[in-house]
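K.L.:
The structure follows.
A short reminder: the numbers here are calculations on the coordinates, not readings from a lab. Keep in mind it's a predicted model, so treat the numbers as computed, not measured. So basically every Cβ, Gly included, is an ideal-geometry build from the backbone, and we count neighbours across all protein chains shown.
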Amino acid sequence: MSSRPRYWLVKSEPSAFSIHDLRNAPRRTTSWDGVRNYQARNYLRAMKVGDSVLFYHSNADPPAVVGVAEVVREAYPDHTAFDRSHKHFDPRSRPERPLWDMVDIKLVRVFARSLPLDVLRREPELTSMELLRRGSRLSVQPVRSREWGIIVKMAEKGNKRPRPAASRKRSTRI
DNA sequence: GCCAACGTTGGC
DNA sequence: GCCAACGTTGGC
């Protein structure tokens, strides 16, 4: 990557927080808290307002890229790390010296048809994508602009509605 | 539920 | 610094 990444992918287990939860959230916006991995945190810190984010459902059936969000607030301290009662509490992170950060993301769109992992794996142009790398577990990762373009194109293709019967009469079905 | 892959922890 | 033990992630 020659310039800084402008495209990202974040994972969420839909049972914890799905893209539909994001759609139903106030202002369709949420803080992306709970990241407790240094590499993922560093990627969060590299995000800029306006960057685009693929929303991925992990531990789902099927696991899939399900939509697009955008960064609306850049990294700031993840206060859930300060909260002893919180699941993601981390005593090493202090308000005066925060260890973990979060960003705010806002829903852009939910794909009418999501892109399952196995479909992405079948796309030769995506083989070097971080998400598809064997053993990849990063919950926040950069996406190359080329990969972004391919995925968005695939999503649009999937979203294409069948044409009205009249205009479809002559077309050959594949 | 299984388990491979990976990150973290801590003894030495 | 090494590395075994352990915990977590996440596809299957």
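K.L.:
With the contact rule set at Cα under 8 Å and sequence spacing of 6 or more, what percent relative contact order holds for chain A?
P.N.:
27 percent.
K.L.:
To the nearest 0.05, what FRET efficiency results for A:Val119 and A:Ser145 with a Förster distance of 25 Å applied to their C-beta separation?
P.N.:
After rounding to 0.05, the efficiency reads 0.75.
K.L.:
Okay, moving on. Counting alpha carbon pairs within less than 8 Å and at least 6 residues apart, what relative contact order, in whole percent, applies to region A:1-58?
P.N.:
RCO, region A:1-58: 67 percent.
K.L.:
While we're looking at this one, here's another question. I'm a student and want to see the number: the projected area of the Cα convex hull of chain A, averaged over all directions, in nm².
P.N.:
So the mean shadow area of the Cα hull is 12.7 nm².
K.L.:
With a cut-off of 8 Å between alpha carbons and a minimum separation of six or more residues, what is the relative contact order of region A:70-134 in percent?
P.N.:
Answer for region A:70-134 is 30 percent.
K.L.:
Please give me, ordered by residue number, the GluC sites (Glu not before Pro) of region A:92-148 that lie in loop per DSSP and have at most 11 other Cβ atoms within 10 Å.
P.N.:
Those that pass, being in a loop and sparsely packed, are A:Glu96.
K.L.:
Next up: Could you list the trypsin sites (Lys or Arg not before Pro) in region A:14-98 that lie in coil according to DSSP, counting only those with at most 13 other Cβ atoms within 10 Å of their Cβ? All intermediate terms of the calculation are to be shown ahead of the outcome.
P.N.:
Details: sites: A:Arg23, A:Arg27, A:Arg28, A:Arg36, A:Arg41, A:Arg45, A:Lys48, A:Arg73, A:Arg84, A:Lys87, A:Arg92; in loops: A:Arg36, A:Lys48, A:Arg84, A:Lys87, A:Arg92.
When the trypsin sites (Lys or Arg not before Pro) of region A:14-98 are filtered for loop state and at most 13 Cβ neighbours within 10 Å, A:Lys48, A:Arg84, A:Lys87, A:Arg92 remain.
K.L.:
May I pose another question? Could you check the spin-label model distance between A:Asp21 and A:His86? Points 7 Å from the Cα along Cα→Cβ, value in nm.
P.N.:
1.4 nm
K.L.:
Continuing with this model, one more query. With Cβ to Cβ distances under 13 Å as the rule, what net charge do the other residues near A:Arg23 carry (K, R +1; D, E -1)?
P.N.:
Computed value for this residue: +3.
K.L.:
All other residues with a Cβ under 15 Å from the Cβ of A:Leu117 taken together, and with Lys, Arg as +1 and Asp, Glu as -1, what is their net charge?
P.N.:
Around A:Leu117, the surrounding residues sum to +1.
K.L.:
If neighbour count is taken as other Cβ atoms inside 10 Å, put A:Asp21, A:Asp61, A:Asp51 in order from fewest to most.
P.N.:
Result, fewest neighbours first: A:Asp61, A:Asp21, A:Asp51.
K.L.:
Between A:Val72 and A:Lys48, with labels modelled 7 Å along Cα→Cβ, what's the label distance in nm to one decimal, could you check?
P.N.:
Those two pseudo-labels are separated by 2.0 nm.
K.L.:
What is the distance, in nm, between label points placed 7 Å from the Cα along the Cα-to-Cβ direction at A:Leu99 and at A:Arg134?
P.N.:
Those two pseudo-labels are separated by 3.3 nm.
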